[in-house]
1. Counting only residues 5 or more places away or on other chains, whose amide H sits under 5 Å from the amide H of ASN86 once H atoms are built in the peptide plane?
2. Can you tell me the Rg and the Dmax, both Å, for the Cα atoms in region 115-214?
3. Starting from 0.36 nm per residue, how many nanometres of slack lie between SER352 and SER273 once their C-alpha separation is accounted for?
4. Based on C-alpha coordinates, I'd like the Rg and Dmax of region 112-168, in Å.
5. Subtracting the Cα-Cα distance from 0.36 nm times the residue separation, let me have the gained length for TYR342 to ALA54 in nm, one decimal.
6. Going by a ≥ b ≥ c, the root eigenvalues of the Cα gyration tensor, does region 310-369 fall in the rounded group (a/c under 1.5), the prolate group (a/b larger than b/c) or the oblate group?
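Values in this text are rule-based calculations from the coordinates and carry no lab data. Note that the coordinates shown come from a computational prediction; the quantities given were computed from them, not determined experimentally.
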Amino acid sequence: MSVWGLYSFCWGLVLFFILSGLYLYPSISGIVVSLFMFDQLSLFLGLLVFFLGACAIVFNTSEISYETGGYLLLSMGFSVLCFSANHAILFWCFYELSMLPLLYLIFRDSPYSERFLAGWYFSGYLLLTSLPLLLVLIYLSFLNSSYLISIWYHHYLSSWIYCVLAFIFFTKVPLCPFHTWLPIVHAEATSIVSTFLSGYIMKLGLVGVFRFCAYSLNNSFLYYLMLCCILGICFLVAASGELDGKRWLALLSLSHIIVPFMGLFICGWGTDSLIFLFSLGHGLGAGLVFGLLWQYYGVTNTRNWVLLKSGVGSTISLGIMSFSLLSLCSFPPTIQFFSEVYLVSASSHVSSLLVFWVCYLFLGGVIPLLLCGHTLLRVESYEADASVLFNFSVYLMLYIIWCYLIIIVF
């Protein structure tokens with residue numbers, strides 16, 4: 001068959017399926033409604049994927065190839081489908097497919113020498129939990145006589161199976177002791193892959209816990225939560241001595257991700273919209289700082305925070321860096337600020353959690369502020385770099401607007 005014949009045949013198939021869909025629209029629409037659920041979770045995280053993709057791909061077409069952009073779009077599309085999936089097997093398929101393109105891009109596009117080690121770390125956690133997750137979901141579907149998650153009757157099933165399922169999802173959040181892959185992968189991945197990993201891939205684990213374990217995990221996980229809180233403070237302390245910008249941000253993300261976990265298991269399931277609103281803010285803030293590192297790495301050829309300062313060459317650059325680092329401090333009026341204020345008040349009845357909040361809010365605010373102060377003081381020059389301004393300023397300023405002003409929409 002000639003190339004033109006193959007092209008015509010493909011378009012014929014497309015037209016056939018479109019006409020068939022129009023003819024069968026009533027039955028297809030019913031199937032779609034049953035297989036997918038559209039709630040606040042899918043809204044906030046879908047917006048997160050859209051914002052990250054709109055900025056990272058559209059405004060950086062000269063920095064990424066068409067093939068890389070195609071793989072990123074695949075990951076984004078499967079993630080959005082995973083956020084709204086109501087069918088257990090479809091959820092598993094979209095869950096795994098959203099991570100595979102990014103895993104491939106780590107091997108394919110990363111310029112760093114340890115990319116194979118990072119890729120094997122990531123693929124190890126991905127493959128070792130993939131089959132157990134599928135088997136548990138099939139088992140739960142058999143017990144509930146349905147693959148539709150929304151009609152499962154969780155109260156009549158053993159809690160141990162949900163504990164196993166929760167720990168499978170904890171590897172993707174990631175929570176301790178499954179957190180080791182994140183700093184390694186972030187350090188070796190390209191900047192745009194790191195943006196997506198920290199932006200929405202970390203949220204897939206939270207989605208899994210929320211969808212499947214919402215009615216079964218409560219005070220039984222309190223001791224595990226305490227362990228995560230202690231290690232979260234340790235991650236902040238470790239970040240204070242980290243000079244590599246991407247590893248520094250990965251350690252901060254390991255600490256920040258404990259906040260929605262605390263909201264899920266302590267503050268009640270009625271705060272689910274607040275939890276995923278915080279996830280939206282965290283994803284935008286992480287994407288903003290990874291974009292900032294991407295910009296200055298192109299100027300200075302280093303990820304060392306001490307040397308990155310030499311790349312700040314204009315007043316606009318100083319402003320962008322200041323707002324970017326302040327977004328990690330939950331500086332008002334960011335989304336994280338309002339979410340954390342509510343979560344502090346909701347968990348005030350547990351004294352041990354108040355101790356965590358004091359340490360977390362102090363260290364989580366001081367560490368980015370110290371770095372921001374170091375960047376602002378004793379800058380050597382204020383010469384504008386037109387090429388950097390053209391490539392990244394609109395990209396980063398859109399992130400800043402969304403981080404600080406999107407709360408007005410909600």
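1. Answer set, sorted by chain and number: PHE36, MET37.
2. 15.2, 46
3. Full extension of this stretch gives 26.0 nm more.
4. That works out to 15.7, 51 Å for Rg and Dmax.
5. Between TYR342 and ALA54, full extension yields 100.7 nm more.
6. oblate
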